[in-house]
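**Student:** Below are the structure tokens for one structure; questions will follow.
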Amino acid sequence: MAQTFDVVVIGGGPGGYIAAIRAAQLGLKTACVDEWRGAEGKPALGGTCTNVGCIPSKALLQSSENFEQAGHGFAEHGVRVKGLELDLAQMLARKDKVVKSSNDGIAYLFRKNKIAFFHGRGSFVKSEAGGYEIAVEGVQSEILTAKNVIVATGSSPRSLPGAAFDEKLILSNTGALEIPEVPKRLGVVGAGVIGLEMGSVWRRLGSEVTILEALPAFLGAADEQIAKEAWKLFAKQGLKIELGVKITGVKAKKDVTVEYANAEGKAQNATFDRLIVSIGRVPNTQGLNAEAVGLALDERGFVAVDEDCRSNLPNVWAVGDVVRGPMLAHKAEEEGAAVAERIAGKKPHVDFNTVPWVIYTTPEIAWVGKTEQELKAEGLGYRSGTFPFSANARARALGDTQGLVKFLADAKTDTVLGVHIIGPFASELIAEGVVAMEFRASSEDIGMICHAHPSLSEAVKDAALAVDKRALNI
Ligand SMILES: Cc1cc2nc3c(=O)[nH]c(=O)nc-3n(C[C@H](O)[C@H](O)[C@H](O)COP(=O)(O)OP(=O)(O)OC[C@H]3O[C@@H](n4cnc5c(N)ncnc54)[C@H](O)[C@@H]3O)c2cc1C
């Protein structure tokens, strides 16, 4: 007999598991169906983010940064390292352990909140009076009925035409996180967040990295001043990035040869030991049997939803990578929690203008709100203030003085419109920009708040003060 729930969530990534936990906290009888298989085919909750995305990439970014610091950074601090060796197997094993502890943490939260978990593929069977029937196909088959369904099935990597992922020579994010030996020549197609982060990991571990990007501009979504600074610093590190290329062929045998036209249209080719392809992701809607209930998809295959994540069907919602908007775990989480609250009759609000972006390279890049080029294009009057980390005492003590903080504020009201950071711990510092924007703070408000000394956050305060040409430390 079918098991009946108030809410069935399909997908156990950050969108789905947060939705399930919030729904259960609000007293709704909740189930979550997720098909991810970890080691030995066992369930591994957390989706792309936990298994082959945010978490393992950050684990490897930290380990590889430690290796680079030990090899090149410590000496300046008077710490000499002799006989430095890379134990890649241990590095990868540690990453797997970090992933496993996150999987286990989510499973624990499911048990604690009495969420029924089903391991397998969830798909719509039919709509019926007051709800939907969902089939689960896994080790055991189940039929569930639900008043409300939340689709949180995420996304999968897009491959290059004619060059399917084999995860040996042509790697998606999955293969890029488990290369068993450091490739001498590593190619990366796509200079987005994933390409830059993965390229950085393997460069730090010794690969010669070439990144090929189709777009003519580097980091087009970032503020131009920050993107220029990033370009300069990445080039200094030895990341070779070619813009405006058009890939014309990929041949994989013992190694991988990429044929492409460069920005001038000249035919080129480059041979690599491995190739990471990070050219975007496609929504996971194939397995849902959306047609059975008439769930509408948009022209790009995403589940079509409104601002509140409502689909075209009553009580069917969708969140995270499977819907419009940035493919970011925290955006998925915000949507997941908000949908659970809407189902419970609350009125939450997700402000998409204050979703922060982070690239965990060295230096880190993070921003929230409008870029300077967006403000110009929209004809909005603004004032800007910048502050370099080289003038920040904590950055000097850390030995990490690259980069800057930039504030953009409304010319008339001084309301903060955007905060852009490239530098140490930008991922952490950006939270102050998010708070400022959520509370409609002015740059003066941030400049008048007491910040600890010496701290990197003083650079944020100084950039805010610089809007009014009042930076104190320069
Ligand atoms: C290498 C990499 C690094 C990243 N780093 C960051 C980062 O630092 N910060 C950040 O914010 N974002 C990062 N992201 C993006 C982030 O991982 C995604 O935005 C996030 O995982 C989306 O969450 P989701 O819940 O929508 O989907 P997912 O995490 O993709 O989860 C969807 C889940 O649904 C399951 N599923 C799919 N179809 C079905 C079905 N029919 N039945 C049952 N289960 C199903 C999938 O197996 C999966 O477990 C990164 C991504 C990659 C690839």
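**Student:** Restricting to the range 356-401, name every residue that is of a type outside the set (A, V, I, L, M), assigned to a strand (DSSP E or B) and within 16 Å of the ligand (Cβ to nearest atom).
**Tutor:** Residues satisfying the conditions are Trp357, Glu364, Trp367.
**Student:** Right, another one. Being surrounded by 15 or more Cβ atoms within 10 Å (Cβ to Cβ) and closer than 23 Å to Lys58 by Cβ is the requirement here; does Ile211 meet it?
**Tutor:** yes
**Student:** Continuing with this model, one more query. For the range 155-190, name all the residues that are part of a loop (DSSP other than H, G, I, E, B), within 14 Å of the ligand (Cβ to nearest atom) and either in contact (Cβ under 8 Å) with a residue 40 or more places away in the chain or closer than 12 Å to Ile279 by Cβ (or both).
**Tutor:** Within the range 155-190, Arg158, Ser159, Phe165, Ser172, Leu177, Glu178, Ile179, Gly190 meet the criteria.
**Student:** Could you grab me the full set of residues in the range 300-324 that are out of contact with any helix residue (DSSP H, G or I) (no Cβ under 6 Å at 6 or more places or on another chain) and among the small types (Gly, Ala, Ser)?
**Tutor:** Matches in the range 300-324: Gly301, Ala304, Ser311, Ala318.
**Student:** Please name all residue pairs, on different chains or six or more residues apart, with Cβ atoms under 7 Å, provided the first residue is in the range 276-301 and is surrounded by 13 or more Cβ atoms within 10 Å (Cβ to Cβ) and the second residue is modelled with pLDDT under 95 and not in a loop (DSSP other than H, G, I, E, B).
**Tutor:** none
**Student:** Could you go through the range 340-347 and let me know if any residue there is within 15 Å of the ligand (Cβ to nearest atom) and at pLDDT 95 or above.
**Tutor:** yes
**Student:** Same structure, new question: Looking only at the range 238-282, count every residue that is within 23 Å of Val193 (Cα to Cα), of a type outside the set (Val, Ile, Thr) and outside any strand (DSSP E or B) and tell me the total.
**Tutor:** Adding up the residues that qualify gives 9.
**Student:** In addition: Could you please tell me which pairs satisfy a Cβ distance under 6 Å, a separation of 6+ or placement on different chains, a first residue in the range 193-213 that is in contact (Cβ under 8 Å) with a residue 60 or more places away in the chain, and a second residue that is among the charged types (D, E, K, R) and in a helix (DSSP H, G or I)?
**Tutor:** Within 6 Å, the pairs are Arg204/Glu68.
**Student:** Keeping to the range 323-373, report how many residues are under 22 Å from Ala426 (Cα atoms) and free of Cβ contacts under 8 Å to residues at least 24 places away in the same chain.
**Tutor:** 1
**Student:** Now for a separate question. For the range 409-433, name all the residues that are in contact with a Leu (Cβ under 9 Å, 6 or more places away or on another chain), in a strand (DSSP E or B) and surrounded by fewer than 24 Cβ atoms within 10 Å (Cβ to Cβ).
**Tutor:** If the condition is that a residue be in contact with a Leu (Cβ under 9 Å, 6 or more places away or on another chain), in a strand (DSSP E or B) and surrounded by fewer than 24 Cβ atoms within 10 Å (Cβ to Cβ), then Asp410, Gly418 are the ones that fit.
The values are calculated or read from the model by the stated rules, or taken from the named source; none is laboratory data. Only a predicted model underlies this, so the values are computations on that prediction, with no experimental measurement involved. Using ideal geometry, Cβ is built from the backbone for each residue, glycine included, and neighbour counts are taken over all protein chains shown.
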